[in-house]
Protein chains: 2
Amino acid sequence: MSERIANAALQGKVMSAEEAAQFIDNGATVGMSGFTGAGYPKALPTAIAERAKKEHAAGNDYKINVLTGASTAPDCDGVLAEADAINYRAPYQSDPSMRKAINSAAMKYQDIHLSHMGMLVQQNFIDVDVAVIEAVRITEEGNVVPSSAVGNNVEYMDAADKIIIEINEWQSLELEGMHDIWEMPKLPNRVPIPITKPGDRIGTPYIEVDPEKIVAIVKTDEADRNAPFKPADEISEKIAGNFLDFLEAEVAAGRLSYDGYIMQSGVGNVPNAVMAGLLDSKFNNIQAYTEVIQDGMVDLIDSGKMTVASATSFSLSPEYAHKMNEEASNYREHIILRPQQISNHPEVIRRVGLIATNGMIESDIYGNINSTNVSGTRMMNGIGGSGDFTRNAYISSFISPSEAKDGKISTIVPFASHIDHTEHDAMVVITEYGYADLRGLAPRDRVAKMIAIAHPDYRAQLEEYYERALKGKALHTPHDLGTAFSFHINLAENGTMRLD
Amino acid sequence: MSERIANAALQGKVMSAEEAAQFIDNGATVGMSGFTGAGYPKALPTAIAERAKKEHAAGNDYKINVLTGASTAPDCDGVLAEADAINYRAPYQSDPSMRKAINSAAMKYQDIHLSHMGMLVQQNFIDVDVAVIEAVRITEEGNVVPSSAVGNNVEYMDAADKIIIEINEWQSLELEGMHDIWEMPKLPNRVPIPITKPGDRIGTPYIEVDPEKIVAIVKTDEADRNAPFKPADEISEKIAGNFLDFLEAEVAAGRLSYDGYIMQSGVGNVPNAVMAGLLDSKFNNIQAYTEVIQDGMVDLIDSGKMTVASATSFSLSPEYAHKMNEEASNYREHIILRPQQISNHPEVIRRVGLIATNGMIESDIYGNINSTNVSGTRMMNGIGGSGDFTRNAYISSFISPSEAKDGKISTIVPFASHIDHTEHDAMVVITEYGYADLRGLAPRDRVAKMIAIAHPDYRAQLEEYYERALKGKALHTPHDLGTAFSFHINLAENGTMRLD
């Protein structure tokens, strides 16, 4: 254990999760590690949930506010939601139990840009009482080496009065050296971030912590929530093909080089299909300035196609997570894990000039994108980093199948029922039917391009809507507000967006 | 004239506007100077409009694409729109004739973030054939000293094959030294912008230009479109008072200091009322990192309350414009005019930590903001820099009267009919009835705060909507899509949003 807790004084702080949970009072705001199912605390959430159940059974109030990096896992967000232990949650989640609690108004969720969360804490908009952080190791000086995600660990430990560290022996000690920890000074002393290339290292491999604040250390030995990726299906492969066609067109137009494409990519099967496509492409020296390292990037690194990937977290399949743990000392030559305020910082994103590619729930015919609320009301996961990247990228693209729910839902609609990325920011939308390049186009000129990538079964409906909209008095952004949500209303009433 | 055109070779390029207009072919993309009615070309637009009329009378096609900094004036956007001389226009306009042409589909307009326009040209997304730039002076080396706005002059002259300079003798020679010209290297060579405080000067007082590209110089002597500000009315003063209450609350919360508040402000009578309020406040060493210098800022500078203002342009009343021309050599100690890519750059905006304050058309009950399209369809002016600042500010606020059109329109609505700033970005909304601080709140918790600042005549209607929305199945963002646009539909059908 002294290998994992090199600071002698802190070895005396080891205790059970149940004991550590006593530091978390009713009403506390807890800043946790964890991002896309990696690096979240494995023991404390269950211990907190158990405590909540006992308090509730005894007739006492017990709810906490939970901040994380991004999504966690059933044994973190899931158990807490099921125990009715959360009052307020931010900035991102994807757990089914938690989603149910959010949408039934049993708990409050605020959907915050991932790059903003740590900043809001630094600026004292949100106070953090206790930080619960998974780590690989505590150094002799008492500094903390994060595990498979950095997230907002720096800001939460800085702001918290008390820190609880989970030392997870499942996480490889060789992750040490992969992290690059750099903290923005607080206002009014902010400085330029000295990153000009995705591979630049500017900080330390550990988080400096005041060891006096560490009140408990809990030992765990559990894997991250590593879900296998599904093999790419036909539609994912078509979307990936269309995305690669778009990249090729950019090369042909002289706006992109085969050497040095900088990628940002959302997580999922379609992005993984894109990466598989890149393996066989003419692109070389691919770099990622993104928030998550997924299987496809590891393949690109293995092949030599990708030279460096900067992110804040992993989101790997069990097989790839095992490989990462085994070979971390090799991969850390190519992978950098940064605080999410830096991995997603508008300054760096704008500077390095990346092509952002994110999924979506729906786009309207003008390129306004809904990433978060199904039919405008039901929260899926949250905006995540998609706004950080979309708003500041060299080129901002969205990828999605043209339909969902066995064709009952069209992902191209007349009016997006929630708007997370505006027509000013989204540039290219890609489905299995092609890509709609909206750059340089007035709103009316975007419509035909968007309808052309809609599913053929929905094109006539969309055209009918647009013809009705063109009968309006003002034609900059033609709309018929009386039927703007007709697709969504039909879905609610008849179980399908199809009007036949 | 040699004082204004110090380069001997270029003196031979002086010609009439009619002659210079011959360099602008049908289909050309013309990058013009001009921002909020300052520094736009005074002669070429009319000459181009006359040429268009002649060509049209002769049965020939003649339309051009016009890019500017932002809005211009009747003798620029107005004459061109009236002559049906424009195919495509970006990134911002506010001329009544042009607005009419846009909304009748007689011309195309793309509403682009002001910080993005120059970048899109630099990156070759949009080609510029001819640059038409108003200047104070051409130096001996052939470099160009801009006039009362910098806008996208650097990027347009860089990209254009041909440059036409208008030397406007109305503009004071003493503006020289007020500008700070710094150009971001093109990708992949971008670097950190070395500005950490609004007052930092990092460039040259002139724009470096290849004199070979200057094909014509036209002499003018005309004032900018300087419109008088209306005296503040009761509602503007109440809004300003509520804004100052908000600032005081931030000071009380320890998140703002009386020393060194950094302001960004949209243009108009309400912002001017805010600045008048600041004159009598406890705030000192106020700084502006904004896009436009308006009368109220000049008063703050005169009073010693404001130490420095960084912008890309003026927007002054005739009286203040006269004073600026007379005393430019004094004011340039306190005023810096930058390229709009820098005045509005997300990197610098985020770094300096400003409080952004912009107007709006409407906000919905969750804090989604419409800045551009009335009833979702009719373009007013455009998003301007509001997105650049809102997305990256320390605190982002919107100010507006609670009603428009003599009470027929509520500026707080169930669902914003166009969304330019999302609920993820807008933090505080202020009307004459108070301020709604939406920070840290889940959507449901924002509704009561928004209804409390709506006009009392509309509060019951908004509450009825929300009660209906709460009957839905998914309650993260409660909405009743069937009546989400009921306010707007009622306005279209009955001339008022009131449902009585």
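Quick notes on this one:
- For region B:234-494, accessible area per residue (1.4 Å probe, heavy atoms of protein chains only), Å²: 29 Å²
- Here the simple spin-label model places points 7 Å from the Cα toward Cβ, and for B:Asp302 and B:Arg439 these points are separated by 3.3 nm.
- Put the Cα centre of region A:187-203 next to the Cα centre of region B:230-267 and the gap is 32 Å.
- Whole-Å distance, taken between Cα centres, linking region B:22-83 and region B:288-314: 31 Å
- Coil-residue GluC sites (Glu not before Pro) of region A:1-51, DSSP, other Cβ within 10 Å capped at 16: A:Glu3
- Only helices enter this figure: runs of n ≥ 4 DSSP H residues, each worth -39500 (n - 2.57), summed and divided by the residues of chain B, yield -8500 deg cm²/dmol at 222 nm to the nearest 500.
- Overall, chain B carries a charge dipole of about 1220 debye about its Cα centre when +1 sits on the Cβ of Lys and Arg and -1 on the Cβ of Asp and Glu, all other atoms neutral.
- Note on region A:234-494: with charges restricted to the Cβ of Lys and Arg (+1) and Asp and Glu (-1), its dipole about the Cα centre is near 760 debye.
- Local electrostatic count, B:Lys213, Cβ distance below 13 Å [Lys/Arg +1, Asp/Glu -1]: -4
- To the nearest ten degrees, helix B:234-252 and the longest principal axis of the Cα atoms of chain B are 80 degrees apart.
- Ordered by solvent-accessible area of protein heavy atoms (1.4 Å probe), largest first, the residues B:Lys108, A:Lys473 come out as A:Lys473, B:Lys108.
- Residue order by solvent-accessible surface for A:Arg439, A:Arg190, B:Arg225 is B:Arg225, A:Arg439, A:Arg190, largest first, with ligands and nucleic acids left out and a 1.4 Å probe.
- Axis of helix B:44-57 versus longest Cα principal axis of chain B: the two differ by about 90°, to the nearest ten degrees.
- Degrees, to the nearest 10: A:269-279 long Cα axis against longest axis of chain A: 80 degrees
- Summed over both chains, the area buried between B and A is near 6600 Å², taken from the accessible surface of protein heavy atoms with a 1.4 Å probe.
- Subtracting the Cα-Cα distance of A:Glu3 and A:Asp210 from 0.36 nm times their residue separation leaves 72.5 nm of extension gain.
- Note on region B:319-349 and region A:102-118: Cα centroid distance 40 Å, given to the nearest whole angstrom.
- When the solvent-accessible area of region B:218-285 is split by element, carbon and sulfur atoms take up 50 percent of it, the probe being 1.4 Å.
- Those residues of region B:322-356 for which accessible area with every protein chain present is at least 40 Å² below the isolated value (1.4 Å probe): B:Pro346, B:Glu347, B:Arg350, B:Arg351
- Rolling a 1.4 Å probe over the protein heavy atoms gives region B:8-220 an accessible area of 32 Å² per residue.
- Considering only alpha-carbon pairs that sit under 8 angstrom and 6 or more positions apart, the relative contact order computed for region A:8-220 is 24 percent.
- Modelled spin-label separation between B:Lys405 and A:Glu19, with each label point placed 7 Å from Cα along the Cα-to-Cβ direction: 6.9 nm.
- Summary for A:Asp302: label point 7 Å along Cα→Cβ; distances to the equivalent points in the other copies, ascending, 7.2 nm.
- Between the residues B:His479, B:Gly434, B:Ser310, the greatest Cα displacement towards the positive end of the dipole of region B:234-494, with unit charges on the Cβ of Lys, Arg, Asp and Glu, is found for B:His479.
- For B:Leu300, solvent-accessible area (1.4 Å; no DNA, RNA or ligand), Å²: 0 Å²
- Derived scalar couplings ³J(HN,Hα) [region A:433-443; Karplus, 6.51 cos²θ - 1.76 cosθ + 1.60; whole Hz; x for Gly, Pro]: 9, x, 10, 9, 8, 8, 5, x, 10, 5, x
- 10 Å-binned pair-distance histogram of region B:11-69 (Cα, whole percent): 22, 50, 25, 3
- Simple label model, 7 Å out from Cα along Cβ direction - A:Glu169 to A:Asp259, nm: 4.9 nm
- 11 Å beta-carbon shell around A:Asp200, net charge (K/R +1, D/E -1): +3
- Projecting 7 Å from Cα along the Cα-to-Cβ direction, the label point of A:Glu326 sits 8.2 nm from its equivalents in the other copies, listed shortest first.
- Cβ-placed point charges (K, R +1; D, E -1), dipole of region A:8-220 about Cα centre in debye, nearest 20: 480 debye
- Farthest towards the positive end of the charge dipole of region A:318-388, among the residues A:Asn373, A:Pro339, A:Ala328, is the Cα of A:Pro339, using unit charges on the Cβ of Lys, Arg, Asp and Glu.
- The Cβ shell under 15 Å around A:Ile235 holds other residues with a net charge of -4, Lys and Arg each +1, Asp and Glu each -1.
- Accessible-area composition of region A:69-144, carbon plus sulfur, in percent [1.4 Å probe]: 45 percent
- Plainly put, the tip 7 Å out from Cα toward Cβ on B:Thr220 is 6.6 nm from that tip on each other copy, the closest given first.
- Computed with a 1.4 Å probe over protein heavy atoms only, the accessible area of A:Phe23 comes to about 60 Å².
- Scalar couplings 3J(HN,Hα) for region A:445-459, obtained by applying the Karplus form with A = 6.51, B = -1.76, C = 1.60 to θ = phi - 60°, are 7, 8, 4, 4, 5, 6, 5, 5, 9, 6, 5, x, 5, 10, 5 Hz; x denotes Gly and Pro.
- Estimated at the nearest 10 Å², the accessible area of B:Ile202 is 40 Å² with a 1.4 Å probe.
- Interchain or long-range residues, amide H under 5 Å from A:Glu403's placed H: A:Thr411
The values are calculated or read from the model by the stated rules, or taken from the named source; none is laboratory data. Keep in mind the model is a prediction, meaning the values are calculated, not measured. Every residue, glycine as well, gets a Cβ built from its backbone with ideal geometry; the counts of neighbours run over all protein chains shown. Note: accessible area is taken over every heavy atom of the protein model, side chains too, but ligands, DNA and RNA are not part of it. Shrake-Rupley method; radii C 1.70, N 1.55, O 1.52, S 1.80 Å.
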